[in-house]
1. Debye calculation, C-alpha points only, no solvent: report log10 I(q)/I(0) for region 151-220 at q = 0.11, 0.18, 0.19 Å⁻¹, in the same order as the q values.
2. Roughly how big is the chain's charge dipole about its Cα centre, with Cβ charges of +1 (Lys, Arg) and -1 (Asp, Glu), in debye to the nearest 20?
3. Compute the long axis of helix 106-136 from its Cα atoms, compare it with the longest principal axis of the Cα atoms of the chain, and write down the angle in degrees, 0 to 90, nearest 10.
4. Once the convex hull of the C-alpha atoms of the chain is built, how many Å³ does it hold per residue, rounded to a whole number?
5. Based solely on its DSSP helices, what 222 nm [θ] is calculated for the chain when runs of n ≥ 4 H residues each add -39,500 (n - 2.57) and the sum is averaged over all residues, nearest 500 deg cm²/dmol?
6. Let me know the shape class of region 1-88, please: from the alpha-carbon gyration tensor, a ≥ b ≥ c as square roots of the eigenvalues, rounded when a/c is under 1.5, otherwise prolate if a/b is greater than b/c, or oblate.
7. State the answer as a single residue: which of Leu65, Tyr90, Thr143 lies farthest towards the positive end of the charge dipole of region 53-155, with beta carbon charges of +1 for Lys and Arg and -1 for Asp and Glu, about the Cα centre.
8. Search the structure for amide H atoms under 5 Å from the amide H of Ala94, placed 1.01 Å from N in the peptide plane, and list their residues when 5 or more places away or on another chain.
Amino acid sequence: MDLSALEARLGHRFADVGLLTRALSHASIGAESNERLEFVGDRVLGLIVAERLYADYPGETEGGLAVRLNALVRRETCAKAGEAAGLAPYLIMAPSESGSGGRQKSAILAGACEAVIAALYFDGGLDAAERFVLRYWEEAFATLKPELRDAKTALQEWAQSGVLREKAQPAYAVKERMGPDHAPIFTVEVRVPGHEPERGEGPTKREAEQDAARRMLARLGAWKG
């Protein structure tokens, strides 16, 4: 496969193009997949995003930075970046996976995007990975809301504000855990008395709880973050 056009989109000419090939290889093809690269790419992405947030929000608390970090490294954001970078046509996967719409699945695009970040890091150093992230995360950084809050705290405050007949704590429960051990995806459900439950996803239980709380607040019309 000729990857020169993709390399141009990534902003890096690979010395070891095999790294890029592996980054594009979905687990459905077998052992030579991108899962190990995805593991590293997740950490490199987190470092680059954390450094940018530290510079952009000099007066922000650790908690505020963490909420923004979670929003920027979540699966949906990574999938959008992977789509914008044009990874989908180059993904290597089993025919059955491709035939079932695998190239458009957010989890697959997100994983490949993280793997590509790792490939850039190994082949060109942190600078190569950073150029890619800052280019394809530009919109996500620009649309971060300035008053982003901790969603779990906001939901708890809402539930105890007198809006409900009785003050109550939101209740969270893990409903599902998917993915490999190094990159799990948790599904968490949150319940508030008198309202339908809402579900959220994330790579940790805490982030899935935050996502569920955000979704609940959005449905209630109470989310200001």
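1. Debye output, listed in q order: -0.26, -0.61, -0.67.
2. Values: 29 positive and 33 negative charges, 143 e Å.
Charge dipole of the chain: 680 debye, to the nearest 20.
3. 60
4. Values: hull volume 27.9 nm³, N = 225.
Considering the Cα atoms of the chain, their hull volume per residue is 124 Å³.
5. Numbers: 10 runs with 124 residues, N = 225.
Rounded to the nearest 500, it is -17500 deg cm²/dmol.
6. Working: a/c = 2.51, a/b = 1.94, b/c = 1.29.
Prolate shape, in that a/c is at least 1.5 and a/b is the bigger ratio.
7. Among Leu65, Tyr90, Thr143, the one farthest towards the positive end of the dipole of region 53-155 is Tyr90.
8. Ser28, Ile29
A short reminder: the numbers here are calculations on the coordinates, not readings from a lab. Quantities reported herein were computed from a predicted structural model and do not represent experimental measurements. Virtual Cβ from ideal backbone geometry, glycine too; neighbours counted across all protein chains shown.
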